[in-house]
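Q: Attaching a single structure in structure tokens format; questions to follow.
The values are calculated or read from the model by the stated rules, or taken from the named source; none is laboratory data. None of these values were measured; they are calculated from a predicted model. Heads up, the Cβs are rebuilt from the backbone with ideal geometry, glycines too, and the neighbour counts pull from every protein chain shown.
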Amino acid sequence: MTTYHPAHKGPLPAAEPPARAPPASPGLGSIMDMLTQIAEDNTLPKNVRRGAQGAWEELARESVAEDLRISSAVGILDDLANDVNLPVHGRTSIWSVISRLESLS
């Protein structure tokens, strides 16, 4: 369908297609779910929950290439895994997420 503008004679120029988001890896959704569980775990220190949320936000940034999002998230999680106040189950969960992220890159 051709659209016409009242002040312009003839059809309007075609609009450029919207920018497409980079394709997401199939496993990225489940990894983000794991980060959500960590961020909502009240047995973990607040800084660890905030860090998991930050890693989730890094992975959700569609304007950045996927490999950069993954490496940023791994960096955040690696810092969290080295926290001396982190309980063992939290460290294990974070290592699991890091392992799955590294398998994607």
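Q: Cβ-Cβ under 7 Å, sequence separation 6+ or interchain: first residue in the stretch 46-63 and more than 13 Å from ASP33 (Cβ to Cβ), partner in a helix (DSSP H, G or I) and among the polar types (S, T, N, Q). Which pairs?
A: So the pair list comes out as GLU58/SER72.
Q: Still on this structure, please answer the following. Restricting attention to the stretch 22-45, report how many residues are outside any loop (DSSP other than H, G, I, E, B) and either modelled with pLDDT of 90 or more or surrounded by fewer than 16 Cβ atoms within 10 Å (Cβ to Cβ) (or both).
A: Of all residues in the stretch 22-45, those outside any loop (DSSP other than H, G, I, E, B) come to 28-39.
Next, only the ones that are either modelled with pLDDT of 90 or more or surrounded by fewer than 16 Cβ atoms within 10 Å (Cβ to Cβ) (or both) stay: 29-39.
Selection size over the stretch 22-45: 11.
Q: Only residues that are out of contact with any Pro (no Cβ under 6 Å at 6 or more places or on another chain), of a type in the set (Asp, Glu) and in a helix (DSSP H, G or I): list them for the stretch 46-80, please.
A: Residues satisfying the conditions are GLU57, GLU58, ASP67, ASP78, ASP79.
Q: How many residues are crowded, with 17+ Cβ neighbours inside 10 Å and either in a helix (DSSP H, G or I) or of a type in the set (S, T, N, Q) (or both) if we restrict to the stretch 81-101? Walk me through how you get there before you give the answer.
A: Residues of the stretch 81-101 that are crowded, with 17+ Cβ neighbours inside 10 Å, as a first pass: 81, 86, 90, 93-94, 97-98, 101.
Narrowing the set further to residues that are either in a helix (DSSP H, G or I) or of a type in the set (S, T, N, Q) (or both) leaves 81, 90, 93-94, 97-98, 101.
Residues that pass the stated criteria total 7.
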